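Peer 1: To start, I am sharing the structure in question, which I have written as structure tokens.
Please treat every number below as a calculation from the coordinates, not as lab data. As the structure is a computational prediction, the values presented were derived from the model and not from experiment. Here Cβ is always computed from backbone atoms with ideal geometry, including for glycine, and neighbour counts include all displayed protein chains.
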Amino acid sequence: MTDIPPDEKDAIRQEFAQVVASLRAYVEWQRDTGASGFPKFRRPVQAVPHEAPAPAELPPPGPQPADPIAVLPPEPPPLPSAPPPPLAQQQPVQPAPVEPQTPTAPTVPPPPAPAPVVEPKVRLAQLVEEAQACRRCSLGSARTQAVVSRGSITPKVMFVGEAPGVDDDRQGEPFVGKAGQLLDRMIAAMGLTLDQDVYVCNVLKCRPVQRPEPVQIAACMPFLHEQIALVKPQVIVALGNTAAMAILGTKATIDTVRGQWRLYRGNRMVMSTYHPSSLLRPGPDQAKTRKTAWEDLQLVMKELGLKPPKAPVDV
């Protein structure tokens, strides 16, 4: 500074004194406001370009008060958050207690209402109407009327033939011709009465023109099955080939199955014998066939606990 002229040295001293005064005033303001540390660097705001203002006049020499707006105080540092306690000091989170639930019984749907019970007498009358309206096979349109049954609906014995004949088709009842008259004598010889002990019907309910066909038998069997279920006979007597095969579900001929006890659906005793119409057929074996048929009926009487007649019976 020895080379600086005295007047310039005085100017430098005045300028330095002004800087020191401004710094002292700033520090005192920081102390009064309670701030500490250094002011944080602030990114300058991009100023919109505009015309440069005219140069301001230099402040007069001497100490100048600090501008609180131009010089902003530094932002206080954020308070540090308390660190989490060690794992050993942390209290385990207890789960919320679960109230025990009382088990409830599963919802069971109510049982279905039982089907209405129909009296056998009423149902048998309905079967007659259904048979009259039946068109399950071609016989329904060729008959005069359906032939369902005759006799007691609470029988000891149920006689089942093949199909209605001409007289049956005309009168509407089974076994009313010559074969039926012979059957009535056989029933009386056994000590049974038609009105109290016997139920008579056929496999087919309509008169066929020729021998019954398998499709016709299959169409009529539901009627026969329900008749057996409704009247509940102690014994079923199958008269002839068609009845024996349909009831027993066999292809064996009447000569093979006659005179032997078989079961219908495991719960009804069945005795097979010759049809009354074959007993009326003249021939050298007619007497022998009638005697054989009577022997079969005597087995039925024995099963029912009936005593055979003392006098010979001509059936």
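Peer 1: Sorted from fewest to most neighbouring beta carbons within 10 Å, what does the list Ile247, Ile153, Ile4 look like?
Peer 2: Taking fewest neighbouring Cβ atoms as first place, the list is Ile4, Ile153, Ile247.
Peer 1: Another question, if that's okay. Which of rounded, prolate or oblate describes segment 269-311 when judged by the alpha-carbon gyration tensor and an a/c cut-off of 1.5?
Peer 2: Numbers: a/c = 3.32, a/b = 1.74, b/c = 1.91.
Note, shape of segment 269-311 comes out oblate.
Peer 1: Something else now. I need Glu28, Glu173 ordered by Cβ neighbour count within 10 Å, fewest first.
Peer 2: With the fewest neighbours first, Glu28, Glu173 line up as Glu28, Glu173.
Peer 1: Note down the net charge around Ala142, summing +1 for each Lys or Arg and -1 for each Asp or Glu among other residues with Cβ under 12 Å from its Cβ.
Peer 2: Taking every other residue near Ala142 into account, the sum is +2.
Peer 1: For the pairs Lys121/Lys307; Lys232/Lys302; Lys251/Lys291, note any where the Cα-Cα span goes beyond 27 Å.
Peer 2: Lys121/Lys307
Peer 1: Taking 0.36 nm per residue of sequence separation and subtracting the Cα-Cα distance, how much length would be gained by fully extending the chain between Ser141 and Val27, in nm to one decimal? Display every interim value, and only then the final one.
Peer 2: Working: separation 114, 0.36 × 114 = 41.04 nm, distance 12.88 nm.
That pair, Ser141 and Val27, stretches by 28.2 nm at full extension.
Peer 1: Shifting gears a bit: What spacing in nm lies between the two simple spin-label points modelled at Val128 and Lys178, each 7 Å away from Cα in the Cβ direction?
Peer 2: Computed distance between label sites Val128 and Lys178 equals 2.9 nm.
Peer 1: Out of the chymotrypsin sites (Phe, Trp or Tyr not before Pro) in segment 206-270, which ones are loop residues according to DSSP with at most 13 other C-beta atoms within 10 Å?
Peer 2: Counting only loop positions with at most 13 other Cβ atoms within 10 Å, none of the chymotrypsin sites (Phe, Trp or Tyr not before Pro) in segment 206-270 qualifies.
Peer 1: Right, something else. Find the relative contact order for segment 129-288 and round it to a whole percent, using C-alpha pairs within less than 8 Å whose residues are 6+ positions apart.
Peer 2: 25
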